[in-house]
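Notes to accompany the following structure.
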Amino acid sequence: MSVIGCGYLGAVHAAAMASLGHEVVGVDADPAKAAALAAGTAPFYEPGLDELLAAGIGSGRLRFSTDVADAAGSAVHFLAVGTPQLAGASAADLRFVREALTGLLPHLREGDVVAGKSTVPVGTAAELAPAIEQRGATLVWNPEFLREGWAVHDTLHPDRLVVGAGDDEAGRRAVRRLREAYADPIAEGSPFLVTNRETAELVKGAANAFLATKISFINAMAEIAEASGADVTLLADALGHDERIGRRFLGAGIGFGGGCLPKDIRAFAARAEELGKGEAVGFLREVDAINLRRRAEAVRLVVESFGGSVVGRRITMLGAAFKPYSDDVRDSPALDVATRLRGLGAKVTVTDPQAIGNARIAHPQLKYEQDRDRAIRRADALVLVTEWDLYRRELSPEHASTLTTGRIVVDGRNCLDGGAWRAAGWTYRGLGRP
């Protein structure tokens with residue numbers, strides 16, 4: 001099989017498929033990326049991926065190339081290129097999907113299967129299928145459901161596999177081929193769901209829309225809690241005991257970011273507008289707005305903790321990545337809060353165990369320090385914005401007190417023990433907490 005596009009999704013998928021016993025060639029237009037992957041080193045941080053790459057390359061089942069002609073001869077071709085937000089609009093930019101397919105078409109054979117994994121607006125497969133079918137190949141849609149930080153596990157042990165295919169013999173043959181590709185996870189018990197292509201395209205967007213809505217719901221409740229004196233963390237615990245609701249994704253804080261959730265819900269809403277059903281997902285615009293408001297609320301809490309001004313104050317941001325176990329800083333709430341505080345005159349230092357390199361490229365105006373203890377030395381306040389264990393579990397208030405000048409901590413993820421920090425003499429502030 002081939003994997004066209006070896007960014008975050010494609011590199012993980014290629015390595016995982018090789019570990020399942022398949023012969024895989026990963027193709028990416030970026031020579032530096034392809035060279036790094038061929039050497040067994042991922043160009044981004046993902047736990048367990050380097051080991052998986054090394055094992056696949058060592059076995060001879062995994063290789064990487066910059067030439068799409070090397071995909072020729074594969075029975076299954078996975079399209080795993082990015083679909084970023086279109087510049088100046090909310091819709092998805094499908095340029096890379098179309099370019100990847102254009103390059104692949106001359107190398108398709110009769111009976112080949114092209115499996116789209118990229119997150120695309122519903123209707124994309126119908127647009128792409130005719131050119132593929134002219135080559136005697138078949139297009140199916142096989143969306144990914146990876147969590148950054150858990151991508152290797154989620155690929156090898158998926159909670160579901162979805163394949164969207166046509167209801168004809170070619171479609172049924174393609175589904176059988178995908179069953180063979182995923183034989184090990186299916187044998188483990190992963191559900192294998194067959195739908196039409198439109199449903200498969202909708203699944204990823206709908207899943208991300210639901211998760212984003214759940215996060216923004218509890219953050220909306222945090223706004224009510226702040227105005228009323230309630231504690232949103234206890235509210236979430238009480239809600240979570242209802243099995244119809246569940247506790248996961250009910251963590252109030254500075255909201256979601258990354259390269260998927262924000263742009264995917266915007267693209268989902270934009271496509272609904274194109275289909276004349278924008279009113280059906282109009283709530284997603286408020287979901288997005290609530291998410292962005294929480295960043296401003298975190299800044300307000302910091303400023304309020306200093307009596308109304310942060311000018312000249314030394315503030316250390318604990319985190320830069322949009323989530324732990326990742327070095328991804330795309331649309332990172334952590335860096336958004338950091339740049340806003342710097343704009344208000346604070347002297348901001350950012351620390352993160354994995355994401356400083358990417359953060360420095362995205363926001364070179366900020367000061368960075370890799371070492372946690374050096375970063376917090378002489379700080380007037382700490383602001384926890386990424387819930388790495390290095391900060392939430394391994395940094396005690398007593399130890400922090402030996403290094404900092406001030407005793408203010410703002411918990412942007414509501415993951416610290418506020419009582420313990422207060423008992424150690426700190427002013428503790430959490431979002432949605434009295």
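Derivation of every value follows stated rules applied to the coordinates shown; laboratory data play no part. Just so we're clear, the structure is a prediction, and the values are computed from it rather than from any experiment. Because the Cβ atoms are built from the backbone with ideal geometry, glycine has one as well, and the counts that use them run over all protein chains shown.
If only the Cβ of Lys and Arg carry +1 and only the Cβ of Asp and Glu carry -1, the dipole of the stretch 230-434 around its Cα centre is close to 620 debye.
Oblate is the label for the stretch 32-106, because a/c, from the alpha-carbon gyration tensor with a ≥ b ≥ c as root eigenvalues, is 1.5 or above and a/b does not exceed b/c.
Could you work out, for the stretch 258-359, what percent of all Cα-Cα pairs fall into each 5 Å distance bin, beginning at 0 Å and stopping at the bin that holds the largest distance? It works out to 3, 12, 19, 17, 16, 13, 10, 6, 4, 1, 0, in whole percents.
The length gained on full extension between residue 192 and residue 206, counted as 0.36 nm times the residue separation minus their Cα-Cα distance, comes to 3.2 nm. Evaluated over the chain, the count of Lys pairs having alpha-carbon atoms less than 30 Å apart is 23 (only pairs 8 or more residues apart or interchain).
Put simply, the chain fits an ellipsoid with semi-axes of 42, 24, 19 Å; these come from the alpha carbon gyration tensor as the roots of five times its eigenvalues, largest first.
Between residue 360 and residue 283, what is 0.36 nm times their sequence separation minus the Cα-Cα distance? Round to one decimal in nm. Write out the running numbers ahead of the final one.
Details: separation 77, 0.36 × 77 = 27.72 nm, distance 3.45 nm.
So the chain would gain 24.3 nm between residue 360 and residue 283.
Computed from the Cβ-Cβ distance with R0 of 41 Å, the FRET efficiency linking residue 369 to residue 239 stands at 0.60.
Express as a percent, rounded to the nearest 5, the fraction of DSSP beta bridges in the chain (both residues included) that run antiparallel. Roughly 5 percent of the DSSP beta bridges within the chain come out antiparallel. For the chain, the longest principal axis of the C-alpha atoms and the axis of helix 95-104 are separated by about 30°.
The C-alpha atoms of the chain define a longest principal axis, and helix 49-59 lies at about 30 degrees to it. Once the Cβ-Cβ distance between residue 70 and residue 126 is put in as r, and R0 is 22 Å, what FRET efficiency do you end up with, to the nearest 0.05? The value I calculate is 0.15.
Length, then width, then depth: along the principal axes, the Cα atoms of the stretch 312-369 run 32, 18, 17 Å.
What is the ratio of the Cα radius of gyration of the stretch 205-294 to 2.2 N^0.38 Å, with N the residue count, to two decimals?
Relative to the 2.2 N^0.38 Å estimate, the stretch 205-294 comes out at 1.14.
With the cut-off at 1.5 for a/c, could you classify the stretch 2-195 from its C-alpha gyration tensor as rounded, prolate or oblate? In terms of gyration-tensor shape, rounded.
Estimated purely from DSSP H runs of n ≥ 4, each contributing -39500 (n - 2.57), the mean residue ellipticity at 222 nm for the chain is -13500 deg cm²/dmol once divided by its residues.
Indicate the gyration tensor shape class of the stretch 56-98 (rounded, prolate or oblate), computed on the Cα atoms with a ≥ b ≥ c the square roots of the eigenvalues: a/c under 1.5 is rounded; otherwise a/b larger than b/c is prolate and the rest oblate.
prolate
When only the Cβ of Lys, Arg, Asp and Glu is charged (+1, +1, -1, -1), the dipole of the stretch 265-316 relative to its Cα centre reaches about 320 debye. Divide the volume of the convex hull around the Cα atoms of the stretch 230-434 by the residue count and you get 134 Å³ per residue.
With a simple spin-label model that places each label point 7 Å from the Cα along the Cα-to-Cβ direction, the separation between residue 110 and residue 378 comes to 7.6 nm. Counting only alpha carbon atoms, the long axis of helix 261-274 and the longest principal axis of the chain meet at about 60°.
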